[in-house]
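Let me begin by presenting the structure, written as structure tokens, before commenting on it.
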Amino acid sequence: MKGKILIVDDLHPAFKERATAMGYEVHDEPLITRAQTLATIADYVGIAVRTKFKIDQELMAAAPNLKFIARAGAGLDNIDVAFAKQRNIALLNAPEGNMDAVGEHATGLLLSLMNNFRNADTEVRNGIWDREGNRGYELKGRTVGIIGYGFMGKSFAKKLSGFDVNVIAYDKYKTGFTDAYAKEVSMEEIVKQCDVLSLHIPLTTETRQLVDDEYLLHFRKPIFFINTARGEVVNTKAVLSAIKNNKIIGAGLDVLEVEKFPVLATQDWFKDLKSSGKVILTPHVGGWTFESYRKISEVLAEKLDAF
């Protein structure tokens, strides 16, 4: 036996099945609490998690035999990456598993914004037939700027390839990535050319609150703004201010600085956000489809097999 793996979150059975076939003893405990995990983690060589709780120094310190952390998703912001590296604990994630889901979700948000789907639907249901008030914009011929050209950014660019748009991308940590779907440019070119801005970057100390009043001020044209990355990358008040000042035509937000109720309802910006007719909100489901649920587990199992 290769050792024990503890699954503390809701993962598709494919991960457990594949890991068991590799010779691991897998304990699937999606209802386990953090306290219970701390009490038992010493027995495990691996832990698999989605977003249930943070895998921090306290938890890793309680796991002297831990060799890997499997994150069922793309981001690693709920893991103390620096401490894991210090402990030589491998980090396995699965952006390949939900990149298509995110790319499609971002495209859906953009099309919904540009064509007033939410407002038009509400009005028709309430007996209002306003064609002029719900006239939309076309994507063709516009410039879409992507920040972050990893799996998610490239997936979004690929989904846009049939819309006859000009896709440009900036990535601080990559160069030479121009391909059939996007052209690599500087951040200066992004702010000069964009009609649409979409974020596909992880949450780090560098990216936290990246999109603030000053950042948005530099854009030459009014933009449609999409965020399917991490909510903390964006200052929500800055987005609301930009909408008020016509710097942002519409915003599609799958992620927010603060998520889940009841705490979300207590934020001083939430009332304005939910009342804005120029914002579409979804509950952090961009990468969470019926298909990605399985694909994420399959990708994690492949990476575990290669570990």
* To do: Evaluate E = 1/(1 + (r/R0)^6) for LYS172 and THR289, where r is the Cβ-Cβ distance and R0 equals 30 Å; express this FRET efficiency to the nearest 0.05.
  => 0.55
* To do: With a 10 Å radius around each residue's Cβ, average the other Cβ atoms per peptide and rank 134-141, 233-240, highest first.
  => 233-240, 134-141
* Asked: Of ASN88, ASN98, ASN126, which has the largest mean-square fluctuation in a 10 Å C-alpha GNM of the chain?
  -> ASN126
* Cα centroid separation - the range 223-248 against the range 192-220, whole Å -> 9 Å
* Asked: Which ³J(HN,Hα) values, rounded to whole Hz and listed in residue order, are derived for the range 103-112 from phi using the Karplus coefficients 6.51, -1.76 and 1.60 in 6.51 cos²θ - 1.76 cosθ + 1.60 with θ = phi - 60°, glycine and proline given as x?
  -> x, 5, 5, 4, 5, x, 4, 5, 5, 5
* Asked: Which FRET efficiency value, to the nearest 0.05, is calculated for MET22 and MET187 with the Förster distance at 41 angstrom and r the Cβ-Cβ distance?
  -> 0.40
* To do: Using θ = phi - 60° and the Karplus relation 6.51 cos²θ - 1.76 cosθ + 1.60, list the HN-Hα couplings for the range 258-271 in order, rounded to whole Hz, with x at every Gly or Pro.
  => 10, 10, 6, 9, x, 5, 4, 5, 8, 6, 5, 9, 5, 4
* Determine, from the Cβ-Cβ distance of ASP179 and GLU29 and an R0 of 41 Å, the FRET efficiency 1/(1 + (r/R0)^6), rounded to the nearest 0.05. => 0.45
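Let me spell out the model: positive unit charges on the Cβ of Lys and Arg, negative unit charges on the Cβ of Asp and Glu, origin at the Cα centre of the chain. What dipole size does that give, in debye rounded to 20?
My answer is approximately 240 debye.
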* Asked: Residues with amide H under 5 Å of GLY252's amide H, sequence separation 5 or more or different chain, H placed in the peptide plane at 1.01 Å from N; which?
  -> PHE225, ILE226, ASN227, ILE280
* Please list, or write none, the lysines whose alpha carbon is within less than 27 Å of the alpha carbon of LYS278, excluding same-chain residues fewer than 8 places away. => LYS140, LYS154, LYS158, LYS159, LYS192, LYS221, LYS237, LYS244, LYS247, LYS260
* Proximal lysines to LYS303, defined as alpha-carbon separation beneath 17 angstrom and excluding residues fewer than eight positions away on the same chain -> LYS2, LYS4, LYS16, LYS67, LYS295
* Structure fact -> The alpha-carbon center of the range 251-307 and that of the range 82-120 are separated, in whole Å, by 8 Å
* Structure fact -> Along the dipole axis of the chain (charges at Cβ: +1 for Lys and Arg, -1 for Asp and Glu; origin at the Cα centre), the most positive-end residue among TYR149, ILE89, MET187 is MET187
* If amide H atoms are built 1.01 Å from N in the plane of the peptide, which residues on other chains or at least 5 residues away come under 5 Å of the amide H of ARG142? -> ASN166
* With point charges of +1 on the Cβ of Lys and Arg and -1 on the Cβ of Asp and Glu, referenced to the Cα centre of the range 98-281, which listed residue (TYR137, MET99, SER198) lies farthest in the positive direction of the dipole? -> TYR137
* How far is helix 290-306 tilted, in degrees, relative to the longest principal axis of the Cα atoms in the chain, given as a value from 0 to 90 rounded to the nearest 10? -> 40 degrees
* Using only alpha carbon pairs under 8 Å that are at least six residues apart, calculate the relative contact order of the chain and give it in whole percent. => 18 percent
* Apply the Karplus parameterisation 6.51 cos²θ - 1.76 cosθ + 1.60, with θ equal to phi minus 60°, to every residue of the range 40-56 and state each ³J(HN,Hα) to the nearest whole Hz, in sequence, with x for glycine and proline. => 10, 5, 4, 7, 10, 9, x, 9, 10, 9, 9, 9, 4, 7, 6, 9, 10
* **Portion, in percent, of the accessible area of the chain that falls on carbon or sulfur, probe 1.4 Å** => 52 percent
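The values are calculated or read from the model by the stated rules, or taken from the named source; none is laboratory data. Keep in mind that what you see is a predicted model, and the values were worked out from it rather than measured. All Cβ positions, glycine included, derive from the backbone under ideal geometry; neighbour counts span all protein chains shown. Quick note on the areas: whole protein, heavy atoms, side chains included, nothing else; ligands and nucleic acids left out. Shrake-Rupley method; radii C 1.70, N 1.55, O 1.52, S 1.80 Å.
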